[in-house]
Structures are given as C-alpha cells and as structure tokens.
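The values are calculated or read from the model by the stated rules, or taken from the named source; none is laboratory data. Please read these numbers as outputs of a predicted model, since none were measured by experiment. Please note: Cβ atoms are built from the backbone with ideal geometry, for glycine as well, and neighbour counts cover all protein chains shown.
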C-alpha cells in the first residue's frame with residue numbers, strides 16, 4: 001500500500017479491505033463471519049459460532065498505522081449489547097508489515113469516547129473560545145489528548161470466544 005493522500009474512492013477501498021480482513025481473521029479462527037456489504041445498520045461483519053446459535057456484531061473502522069489515529073464518529077458513544085464489538089484495523093503502508101487489529105467491546109468504547117469528548121467540550125479552544133459540539137470522535141494507538149487509547153485492545157480475539165462459546 002502506498003502512502004498517498006486518500007481520495008474518496010481510496011477511503012472506500014480501505015474500508016472494504018478492513019472489513020474483509022476482519023471477516024477473514026474471524027473465519028480463520030473457526031467462527032463463521034460474513035461482511036454485510038452495508039445492508040445492516042451499525043454492523044459491518046456478522047459473526048456466529050459453528051452451530052449458528054450465538055452471534056457477535058462488529059463495526060469496523062480503519063486507519064493507516066503511521067497516523068496512529070482513527071475517526072469513529074458519534075455512534076461510538078452507543079453502548080449496544082455485550083456481543084457488539086468495534087474492530088479498529090491499522091493498515092500497514094509497508095507490504096511486508098502485518099496489519100494490526102484492536103478489538104474493543106462496545107461498552108468500553110462508548111464509556112471512554114463519551115468521557116473524553118465531554119472533557120474536550122469542557123476545555124477552551126486555541127484562542128480561549130468554547131469548543132463547539134460535533135459528531136467527531138477519535139481513537140488512537142498511543143497517548144493523545146482527548147482520544148481514547150485502544151492499545152490495550154490489540155489482538156483481543158479472545159473476546160469473541162467469550163461470547164460465541
């Protein structure tokens with residue numbers, strides 16, 4: 001993958017690639033996973049156990065690993081159920097470097113993203129003005145002010161095991 005500015009078409013391709021990578025990884029680990037192709041609101045990948053009796057719902061977001069930050073939007077504040085996960089995919093710009101996966105339970109994502117956004121709203125902007133509320137919410141890998149650090153959720157595929165067993 002080259003390190004170019006993303007056009008709209010490239011962002012769509014990047015998102016599609018991330019969804020396919022997540023579904024592939026879930027299937028590789030023995031579960032049944034399918035990309036919803038935009039046909040299910042809030043769910044990019046639907047995953048079930050082999051019997052089809054238990055399900056996990058996945059929202060996928062992607063970013064370039066070099067940027068260390070990903071926009072997730074206001075829907076990240078929805079706690080959903082305990083079988084709903086965010087999988088944030090860090091796509092490598094280097095062909096021989098593996099992509100990174102961060103599996104975050106929806107309740108954890110909602111609690112932390114909401115808390116940090118409220119903290120941001122309560123602080124003054126660059127020129128002392130009040131921040132205006134918006135729909136932008138961000139997560140990061142590492143420590144960035146007002147962005148939820150998802151580092152602890154790297155490769156936590158075991159969370160699916162807890163739901164689908």
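Observations on the structure shown:
- Only listed residue being at negative phi, in contact with a strand residue (DSSP E or B) (Cβ under 8 Å, 6 or more places away or on another chain) and surrounded by fewer than 19 Cβ atoms within 10 Å (Cβ to Cβ), chosen from 118, 68, 75, 138: 75
Here's the yes/no breakdown for (1) at pLDDT below 95; (2) loosely packed, with under 13 Cβ neighbours inside 10 Å; (3) in contact with a strand residue (DSSP E or B) (Cβ under 8 Å, 6 or more places away or on another chain):
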| position | (1), (2), (3) |
| --- | --- |
| 123 | yes, yes, no |
| 129 | yes, yes, no |
| 143 | yes, yes, yes |
| 152 | no, yes, no |
| 156 | no, no, yes |
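- Matching residues in the range 39-58 - criterion: being closer than 11 Å to residue 26 by Cα and in a strand (DSSP E or B): 45, 46, 47, 48, 56, 58
- Pairs with Cβ under 8 Å, 6+ apart, first in the range 127-154 and within 19 Å of residue 77 (Cα to Cα), second surrounded by fewer than 10 Cβ atoms within 10 Å (Cβ to Cβ): 131/124; 149/143
- Residues of the range 70-105 that turn out to be assigned to a helix (DSSP H, G or I) and without any contact (Cβ under 8 Å) to a residue 40 or more places away in the chain, as a count: 1
- When restricted to residues that are over 16 Å from the mean Cα position of the chain (by Cα) and crowded, with 16+ Cβ neighbours inside 10 Å, the range 12-35 contains 3.
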